[in-house]
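This is the structure I want to talk about, given as structure tokens.
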Amino acid sequence: MAVGSTGDCNAVIFIRGESVAMKRRKRINYTVEQRSLMWDRYQKGESLADISRLFGRFHSSIERVIAKTGGIRPPERKRPSNCLLPSEREEISRGLVAKENMRSIAVCLSRSPSTISREINRNGGCHDYGASKADKAAWERAKRPKPCKLLCNKPLSRIVDAVRISERPASVEDRAIPGH
């Protein structure tokens, strides 16, 4: 008997080369409080098996959380002091509903008009802007580490490769001074 994986949280049991049954395991997304409890217990030296029993899960699900940061507790995420607050985003949303222009919204919030413009354009534009949706999106965009732009943007990657190839230094013979 062998067990395989389909990659979708499924375990497939193989007997004599044939798949017999598929057991579905539900993926769990731990809350901030649950993750904090995991890290507290892990730092006290408790085993992953002991920690996993608290949550009624296998130790591998706890191991995934711990291994994601190399066994080092990640710093608590904090909102930067210069970013828009949820209350400011609500004010932007109210201003858009009242058909105020971006400059008047910016004056009310003591922010630059360009900040308000970027915020609105980033989050659905004047017609689809929602404060809570925008706040969640901003929180997600602020996550670190970010993937490299060249990995995410294939057309940009091709342009950079083409520039690198065209700017290769000339060979030593091409640079040699004639007659020397």
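The values are calculated or read from the model by the stated rules, or taken from the named source; none is laboratory data. Bear in mind that the values here come from a model prediction, so they are computed numbers and not experimental data. Note: ideal-geometry Cβ built from the backbone for every residue, glycine included; neighbour counts use all protein chains shown.
Among the candidates PRO145, PRO169, single out the residue that is modelled with pLDDT under 85, within 25 Å of SER81 (Cα to Cα) and of a type outside the set (Lys, Arg). If you could, list the steps in order and put the result at the bottom.
Numbers: PRO169 fails: within 25 Å of SER81 (Cα to Cα).
PRO145 is the lone residue from the list that is modelled with pLDDT under 85, within 25 Å of SER81 (Cα to Cα) and of a type outside the set (Lys, Arg).
Follow-up. Going by what's in this entry, would ILE105 be described as more than 25 Å from the chain's Cα centre (by Cα), under 29 Å from ASP135 (Cα atoms) and either buried (at least 17 other Cβ atoms within 10 Å of the Cβ) or modelled with pLDDT under 90 (or both)? First the steps, then the outcome.
Numbers: more than 25 Å from the chain's Cα centre (by Cα): yes; under 29 Å from ASP135 (Cα atoms): yes; either buried (at least 17 other Cβ atoms within 10 Å of the Cβ) or modelled with pLDDT under 90 (or both): yes.
Yes.
Considering only the stretch 24-42, state which residues are more than 25 Å from the chain's Cα centre (by Cα) and exposed (fewer than 14 other Cβ atoms within 10 Å of the Cβ).
ARG24, the sole residue that qualifies.
Right, another one. So which residues in the stretch 113-152 are surrounded by 13 or more Cβ atoms within 10 Å (Cβ to Cβ) and either outside the structural domain of SER87 (by TED's automatic domain parsing) or farther than 30 Å from GLU88 by Cβ (or both)?
Matches in the stretch 113-152: LEU150 only.
Please tell me if LYS136 is within 23 Å of LYS68 (Cβ to Cβ) and at pLDDT below 80.
When the stated conditions are applied, LYS136 does not pass them.
Same structure again: Kindly check whether there is at least one residue in the stretch 64-80 that is under 18 Å from VAL32 (Cα atoms), hydroxyl-bearing (Ser, Thr, Tyr) and touching a residue at least 24 places away in the same chain (Cβ under 8 Å).
No: the stretch 64-80 contains no residue that is under 18 Å from VAL32 (Cα atoms), hydroxyl-bearing (Ser, Thr, Tyr) and touching a residue at least 24 places away in the same chain (Cβ under 8 Å).
Now a separate question. If you go through the stretch 43-93 one residue at a time, how many are modelled with pLDDT of 90 or more and either among the basic types (Lys, Arg) or at positive phi (or both)?
Of the residues in the stretch 43-93, 4 are modelled with pLDDT of 90 or more and either among the basic types (Lys, Arg) or at positive phi (or both).
Sort through ARG118, ARG111 and tell me the only one that's out of contact with any Leu (no Cβ under 6 Å at 6 or more places or on another chain) and without any contact (Cβ under 8 Å) to a residue 24 or more places away in the chain.
The conditions single out ARG118.
Something else now. Taking the stretch 90-129, which residues are closer than 23 Å to ARG77 by Cα and in contact with a Gly (Cβ under 9 Å, 6 or more places away or on another chain)?
Residue satisfying the conditions is ASN123 alone.
Could you check VAL20 against (1) of a type in the set (A, V, I, L, M); (2) surrounded by fewer than 14 Cβ atoms within 10 Å (Cβ to Cβ); (3) at pLDDT 90 or above and say which number it fails?
Going through the list (1) of a type in the set (A, V, I, L, M); (2) surrounded by fewer than 14 Cβ atoms within 10 Å (Cβ to Cβ); (3) at pLDDT 90 or above, VAL20 breaks only (3).
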